[in-house]
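Every read-out reported here was derived from the displayed coordinates using simple, explicitly stated rules and does not represent laboratory data. Given the structure is predicted, the values throughout are model-derived calculations rather than measurements. Cβ sites come from the backbone with ideal geometry, for glycine too, and all protein chains shown count toward neighbours.
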Amino acid sequence: MIGKEIKQPRGRFALVNGRVILPQEVVTDQAVIIEGEKIAGVVRAGAVSDDLEKIDVGGRYITPGLIDIHQHGAVGHTFNEPTAEAFAAITAENARRGVTSVVATIATAPIPDLVQSLEFCRQWVQEPRAGAQILGAHQEGPYFNLAQKGAQDPKNIRTPDDGTPDILLEHHGVMRIMSYAPELPGALELTARLTKLGIVPAAGHSSAKDEQVLAAMKAGLRHVIHLWSSQSTTIREGPWRKPGLLEAALTFEGLTGEIISDNKHLPPTLMKLAYKCLGPDRLCVVSDAISGAGLPDGAHFYMGNMEYEVREGVGMLLDYTAFAGSTTLLNQMVSILTEKVGIPLVEVIRMASLTPARVISLDRRKGSIAAGKDADLAIFNDDFTAWRTMIGGWWVYAV
């Protein structure tokens, strides 16, 4: 239990006096019924049996637990650190924010280091833990285009025809996503292998042209990470305009995408453009948070051997030439998307819960308040600070 110790509910109980955010609407005068580890249903508050335990949430929002499928870390740690201290600190901070599930994103590093992180992640998910659930790993790299390296360490960037995917894919059981540049030698073969293994093939840190994206889609590519960040856009070859990965992601129906909604990586106009092109059922909100998340402005942090600085909600290279992930976590992005971008709250919550669950094929279990789904819920104040967080019918955080 993180935060204040409170009485844990048992058996069957109801959350009442809340504004319940369902996939298509916000409802009041409704109760969320929990039975054991599952949601039993949403019913009219007046229909709740008198003998059922009722927990009054004081008019706050009741939402599905937020799901972050692209997060590197927080509070001084990353998932590249294969230690219980690192994983526990990151998952505790997420639970404190109403984020009930994360996909542990492992940045480019030497292959032996990646193997250690993947193996530790595999061990971690096998046991119940106190903080946010880790749903598996997102292996970000090392198969990237050097021209689009962003904050990834260039010393460890590779091409997927060098034989090392064989080593990483020995740990396919814990991988949910692998992101890579689809134009590289061996990338189409890697795409097909990932698809066969049930891992989401995702494009990123790429200089691909649209025809290369289409070729990868035929092999199974279906997701694009952090739109606008470290990816190709339209270029001219003589008199001809050649669309890049960005235009492909905004246009091709078979792709889902992500935006880092910290209001620094992307201004409101670009976030609105992504929303208009993809809509809330294909566009995910992700934090891309790194170890600087939760640290004060000016603090320095590391990913591998690279040093960065926390600066106004983002991580920065020390020369301020590129962002290095966000220091804003998922719950903080909700208000940015509703107030700065103008997306309806119901759709923002869907983009931060049900849509990412669908990307990793867990939407039958998670991502919305519906009968039969896991009782992973967040109770939010109006400013989207978390009042309480529930995972599997059990409070894991309380103010």
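Taking every DSSP beta bridge with both residues inside the chain, roughly what % is antiparallel (nearest 5)?
Given both bridge residues lie in the chain, the antiparallel proportion sits at roughly 55 percent.
Most fluctuating residue of 313, 65, 292 in a GNM of the chain with Cα springs under 10 Å: which is it?
Its mean-square fluctuation being the largest, the pick is 313.
I'd like the projected area of segment 230-330, averaged over all directions, using the convex hull of its alpha carbons. Report it in nm² with one decimal.
8.1
Positive end of the charge dipole of the chain (Lys, Arg +1 and Asp, Glu -1 on Cβ, about the Cα centre): tell me which of 1, 95, 13 has its Cα farthest that way.
The residue sitting most towards the positive pole is 13.
Would you calculate the convex hull of the Cα atoms in segment 1-134 and tell me its volume per residue in Å³?
Normalising the Cα hull of segment 1-134 by residue number yields 124 Å³.
Just in segment 279-384: which chymotrypsin sites (Phe, Trp or Tyr not before Pro) are loop by DSSP and have at most 10 other Cβ atoms within 10 Å?
Here the sparse-neighbourhood loop sites are 320.
Which of 12, 158 has the fewest other C-beta atoms within 10 Å, and how do the rest follow up to the most?
Lowest count first: 12, 158.
For the chain, modelled as a Gaussian network with Cα springs under 10 Å, which listed residue fluctuates most, 205, 171, 265?
Comparing 205, 171, 265 in a Gaussian network model of the chain, the most mobile one is 171.
Order of 222, 241 from fewest to most other C-beta atoms within 10 Å?
Final ranking by Cβ density, sparse to dense: 241, 222.
To the nearest whole percent, what portion of all C-alpha pairs in segment 282-354 is separated by more than 20 angstrom?
That fraction is 37 percent.
Return P(r) of segment 216-281 (all Cα-Cα pairs; 10 Å bins starting at 0; whole %; ordered from short to long distances).
Per 10 Å bin, starting at zero, the Cα-Cα P(r) for segment 216-281 comes out as 20, 51, 26, 4 percent.
If the cut-off is a Cα-Cα distance under 16 Å, which lysines reach residue 276, setting aside same-chain residues fewer than 8 apart in sequence?
Residue 276 reaches 340.
How large is the direction-averaged shadow of the alpha-carbon convex hull of segment 259-399, in nm²?
9.6
What's the percent breakdown of Cα-Cα distances in segment 71-173 across 10 Å bins, shortest bin first?
The distribution over segment 71-173 is 16, 47, 29, 9, 0, given as percents.
Which ³J(HN,Hα) values, rounded to whole Hz and listed in residue order, are derived for segment 7-21 from phi using the Karplus coefficients 6.51, -1.76 and 1.60 in 6.51 cos²θ - 1.76 cosθ + 1.60 with θ = phi - 60°, glycine and proline given as x?
The phi angles translate into 5, 8, x, 9, x, 10, 8, 10, 8, 10, 6, x, 9, 8, 9 Hz.
Set the Förster distance to 41 Å, then compute FRET efficiency between residue 211 and residue 319 from the Cβ-Cβ distance, nearest 0.05.
0.70
Taking the number of other C-beta atoms within 10 Å as the exposure measure, put 175, 316, 1 in order starting with the fewest.
1, 316, 175
Counting only helical runs of four or more DSSP H residues, what would the 222 nm mean residue ellipticity of the chain come to if each run contributes -39,500 (n - 2.57) and the total is spread over all its residues?
The helix-only estimate for the chain comes to -6500 deg cm²/dmol at 222 nm.
Given N residues in segment 116-257, what is its alpha carbon radius of gyration divided by 2.2 N^0.38 Å?
Working it through for segment 116-257, the quotient is 1.08.
If the only charges are +1 at each Lys and Arg Cβ and -1 at each Asp and Glu Cβ, what is the size of the charge dipole of the chain around the Cα centre, to the nearest 20 debye?
820
Taking residue 373 as the anchor, which lysines have their alpha carbon closer than 26 Å to its alpha carbon, excluding any fewer than eight residues away along the same chain?
Once the sequence-local lysines are set aside, what remains near residue 373 is 7, 38, 54.
Order of 79-86, 191-198 by packing, highest average Cβ count within 10 Å first?
Packing proxy ranking, top to bottom: 79-86, 191-198.
Given that compact globular proteins tend to follow 2.2 N^0.38 Å, what is the ratio of the alpha-carbon Rg of segment 66-359 to that value?
0.92
Among all the lysines, which ones have a C-alpha under 16 Å from residue 209's C-alpha, if same-chain residues fewer than 8 places away are not counted?
Of all the lysines, those that pass the test against residue 209 - Cα under 16 Å, at least 8 places apart if same chain - are 218, 242.
Under a GNM of the chain (C-alpha, springs under 10 Å), which listed residue has the highest mean-square fluctuation: 245, 354, 270?
270
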